[in-house]
1. In units of 2.2 N^0.38 Å, what is the alpha-carbon radius of gyration of the chain?
2. In debye, nearest 20, what is the charge dipole magnitude of the stretch 44-281 about its Cα centre with +1 on Lys and Arg Cβ and -1 on Asp and Glu Cβ, if you could check?
3. List the GluC sites (Glu not before Pro) within the stretch 253-342 that DSSP assigns to loop and that have no more than 13 neighbouring Cβ atoms inside 10 Å.
4. Among the lysines, which have Cα under 25 Å from the Cα of LYS65 when same-chain residues fewer than 8 positions away are ignored?
5. Report the one residue of SER208, THR149, LEU324 whose Cα lies farthest in the direction of the positive end of the charge dipole of the chain (charges on C-beta: Lys and Arg +1, Asp and Glu -1; origin at the Cα centre).
6. Select from ASN104, ASN52, ILE85 the residue farthest towards the positive end of the dipole of the chain; place +1 on Cβ of Lys and Arg, -1 on Cβ of Asp and Glu, and compute about the Cα centre.
7. Any idea how far the Cα center of the stretch 277-346 sits from the one of the stretch 1-62, in Å?
8. Can you say what percent of the DSSP beta bridges in the chain, counting only those with both residues inside, are antiparallel? Round to 5.
Amino acid sequence: MNLPKNDLFLRAIRWEKVERTPIWLMRQAGRYMPEYRKLREKARSFKNFYKNVELSVKASLLPKKILGVDAIIIFSDILTPLESIGMKFDFIEKQGPVFENPINEPSDIDRLREFNREDVSFVGEIIKEVNTELNRELPVIGFCGAPFTLVAYMIEGRTSRDFKRAKSFMFNYPDKFKELLDKLADMLTDYINFQIESGADAIQIFDSWAGYLTPDDYKEFALPPIKKIIQNVKRDYQPIIHFTKGVAGIVDYMITSGADAYSVDWMIDLRVLKEKLNGSFAVQGNLDPTVLYADKKVIREKVLDILNKWGMESGHVFNLGHGLSPDMEEDKVKYLVDTVKELSQR
Ligand code: CP3
């Protein structure tokens, strides 16, 4: 086992002794950072950016230099592996991803191609090069979208407020919908195995939209393919972190997925969650990202509040409940990281 020099993040997930609470942030390399915007201009489009190994490696590493985080998530997107199965999309400025050929009817599912690792070879290269550049100083987090969240995009064809197309497909054709989720589970298992073989120290599964389901629908549709992925991934020490937004309503089901850590939004009380989990799993989160728009004094209070709710024990990785936004101030994000490091010293 070749562990990174700073392994606070991995130790916290295993509930081993830590000197302080580790921190990294979702979307830590993003448009709020002037240096990110420079790289983004060079690449011109977001897709050129994440497919360009040199630029993606640089973007992945920015949060180490600028923020001093305890883990590096590779720079990519959850939609990256979908091109390999024949889903064509582009990122449109101010709109987000737009698919050329969304899934409209059940027969569209039969036209999807087999996933091929070679189509995402750049992701493996990015992980390898980030590790080389880091000289094993920090852990590297690989990631994928969860089947439900990806399928929601594939059917919706774009970002949606209510997911009415995806959900009506699910209600009308439940068996076909499950078949598609299962196809993605197999694809994502291979994609995660590929990332671990390339050197990822941990994997985060992003199920950003599963909280839009009723608890019953979550249990029936979103959860089984995640369980299948976690069961089938080949790993040694690498933990799997399971992220959902809208955790409160589905938490009892979510924590049966088999993950090592659960990444939660801010609409659930960390103290209540800790009692419920009773030491069986680690938790990541759960700062309300909008706290970063407030004054530093407030940021400090909210950090302390979360640290106290967890009780300064191991088992907690500090993070936001969702990603950083483009209009946040880099200076305050840096202050957040410094404050967590300062206030969580044991
Ligand atoms: O956390 C990280 O820093 C790792 C990289 C990462 C990105 N997106 C980079 C990105 C990860 C893990 C994601 C996840 C992602 N992507 C999700 C799930 C997590 C979440 O935030 O809920 C979803 C739903 C997507 C799809 C996606 N990608 C959308 C809707 C958008 C457009 C939103 C926007 O800001 O324009 C993206 C683009 C995207 N993904 C950017 C980044 C840094 C912005 C790209 C840019 O214009 O520079």
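1. Values: Rg = 19.1 Å, N = 346, 2.2 N^0.38 = 20.3 Å.
Compared with the compact-globule rule of thumb, the chain sits at 0.94.
2. Working: 30 positive and 36 negative charges, 88 e Å.
The calculated dipole for the stretch 44-281 is roughly 420 debye.
3. Numbers: sites: GLU275, GLU301, GLU313, GLU329, GLU330, GLU342; in loops: GLU313, GLU329.
Listed in order of number, the matching sites are GLU329.
4. LYS5, LYS38, LYS42, LYS47, LYS51, LYS128, LYS296, LYS297, LYS302, LYS332, LYS334, LYS341
5. LEU324
6. The Cα lying farthest towards the positive end belongs to ASN52.
7. What the calculation gives is 17 Å, centre to centre.
8. Numbers: 5 of 29 bridges.
Antiparallel: roughly 15 percent of the beta bridges in the chain.
Every number here is computed from the coordinates shown, using simple stated rules; none is lab data. Since the model is a prediction, treat every value here as computed from it, not as a measurement. Because the Cβ atoms are built from the backbone with ideal geometry, glycine has one as well, and the counts that use them run over all protein chains shown.
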